[in-house]
């Protein structure tokens, strides 16, 4: 039957998404598969809907909303499988999306996590924001993807069909070795939501594992199902969590120099929002920095879980600034970013 894979969908009041996209997950062509709905104490009728329409789905009901990180950590402790797939409720999958990822991890014992190719549900010829064809970061901790740099999305023309090592895999559809997930402590619940998958993948690599993308596996992501890209709350989490990410995982000798540049770039971003009239986003960045500084000692204490900081020096980290290359040098495509100099 092959290794057991559990697709775990975290749900919070997403009846509409489940009604629309769960049928494609049910239709997955993989023999040893369990589909799990982990519910963060939804107040709609999404759980009742799944119980009635899809009785083959395992239901795990949590007592309150623990967010993306806490919800998955609690639910996955109750799921027995060789591999988990953390799948957003707003994702449509192709029938044969599991097997290519299983084959990839079986081909290389160092691979612990894989993401499929993420295309946009509403434009299936375009890469999707949340992961595209694999995630990378620059040396200052700003994330980008093969196929997506900031808000510039490339069309999928077959340019990223190779399976390859990446820095981070999208949390919208994250295939991960179950035992390894628990060994490194799972998702960091202090992140609550946003950038937690990057932290997870950074820790995986520091522990000697690899993260890959598998374009033979294809899913279609709606995106923004929890917080829209323009939501100041998302801006807050992205900027606060970006600072936590760096402090937790940077090599000791890099912290001061990287933070000096990163804080300057965050200030530039804040005033860019202000000049665009996005007062909420401007305030969100200010709050993110204030809350980060207020708990600086606590964030610093989390560094003890890091084993080596090796990932920062990998080929999957851009040695330069993606902000400079995108906004100043106008490099809006992945290949151009890595070929440019800054």
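Any read-out appearing in this document is the output of simple, stated calculations on the displayed coordinates, not a laboratory observation. The structure displayed is predicted, hence computed values, not measured ones. Backbone-built Cβ (ideal geometry, glycine too); neighbour counts: all protein chains shown.
So, by mean Cβ neighbours within 10 angstrom, what's the order for 267-276, 232-241 with the highest one leading?
232-241, 267-276
Given points 7 Å out from each Cα along the Cα-Cβ axis, report the residue 65 to residue 278 separation in nanometres with one decimal.
Inter-label distance under the simple model: 2.2 nm.
By how many nm would the segment from residue 268 to residue 122 grow when fully extended, if each residue of separation counts as 0.36 nm and the alpha-carbon distance is taken off?
Working it through step by step, the gained length comes to 49.3 nm.
Could you tell me the relative contact order of the chain? Use alpha-carbon pairs under 8 Å, at least six residues apart, and round to a whole percent.
Value for the chain: 18 percent.
Taking only Cα atoms and a 10 Å spring cutoff, compute GNM fluctuations for the chain and point out the largest among 214, 145, 331.
Maximum among the listed residues: 331.
Quick check on the chain: of the DSSP beta bridges with both residues there, what percent are antiparallel, nearest 5%?
Among the beta bridges of the chain, antiparallel pairing accounts for roughly 45 percent.
Looking only at 148, 203, 15, which one moves most when the chain is put into a Gaussian network model with springs between Cα atoms under 10 Å?
Residue with maximal mean-square fluctuation among 148, 203, 15: 15.
Using per-residue counts of other Cβ atoms within 10 Å, averaged over each peptide, order 155-162, 195-202 from highest down.
Taking the mean over residues of other Cβ atoms within 10 Å, the ranking is 195-202, 155-162.
Taking 35 Å as R0, compute the FRET efficiency from the Cβ-Cβ separation of residue 96 and residue 51 and round it to 0.05.
0.80
Please work out the Cα convex hull volume for the chain and give it in Å³ per residue.
132
Considering every Cα-Cα pair within segment 153-210, what fraction, in whole percent, is farther apart than 13 Å?
That tail contains 67 percent of the Cα-Cα pairs.
Counting only Cα, what are the radius of gyration and maximum Cα-Cα distance Dmax of segment 232-339, in Å?
15.1, 43
Just grab the label-to-label distance for residue 233 and residue 182, each label 7 Å out from Cα along the Cβ direction, in nm (one decimal).
A separation of 3.2 nm, rounded to one decimal place.
With a 10 Å cut-off between alpha carbons and a GNM built on the chain, which of 150, 167, 127 moves the most?
Per the Cα network of the chain with a 10 Å cutoff, 150 tops the list.
Taking segment 122-185, how much of its Cα-Cα pair set, in percent, is spaced more than 14 angstrom apart?
62
Could you tell me which of rounded, prolate or oblate describes segment 97-224, using a ≥ b ≥ c as the square roots of the eigenvalues of the alpha-carbon gyration tensor, with rounded for a/c under 1.5 and, failing that, prolate when a/b is larger than b/c and oblate otherwise?
oblate
Relative contact order for segment 181-316 using alpha-carbon pairs under 8 Å, separation at least 6, rounded to a whole percent?
The value is 32 percent.
Calculate the FRET efficiency for residue 80 and residue 328 from the Cβ-Cβ distance with a Förster distance of 41 Å, rounded to the nearest 0.05.
0.20
Could you order the peptides 176-186, 4-14 from most to least packed, using the average number of other C-beta atoms within 10 Å per residue?
So the peptides 176-186, 4-14, ranked by packing, come out 4-14, 176-186.
Can you compute the radius of gyration and Dmax for segment 80-123, using only the Cα atoms, both in Å?
Reported Rg and Dmax, both Å: 12.0, 36.
Kindly express, to the nearest 10 degrees and within the range 0 to 90, the angle between helix 232-249's C-alpha long axis and the longest C-alpha principal axis of the chain.
80
Please give the length that would be gained between residue 257 and residue 3 if that part of the chain were fully extended, namely 0.36 nm times their separation in residues minus their C-alpha to C-alpha distance (nm, one decimal).
Full extension of this stretch gives 86.9 nm more.
For the Cα atoms of the chain, what angle does the longest principal axis make with the long axis of helix 67-76, in degrees from 0 to 90, nearest 10?
Once rounded, one gets 40 degrees.
Between 0 and 90 degrees, rounded to the nearest ten: what's the tilt of helix 255-275 against the longest Cα principal axis of the chain?
Here the helix axis deviates by roughly 80 degrees.
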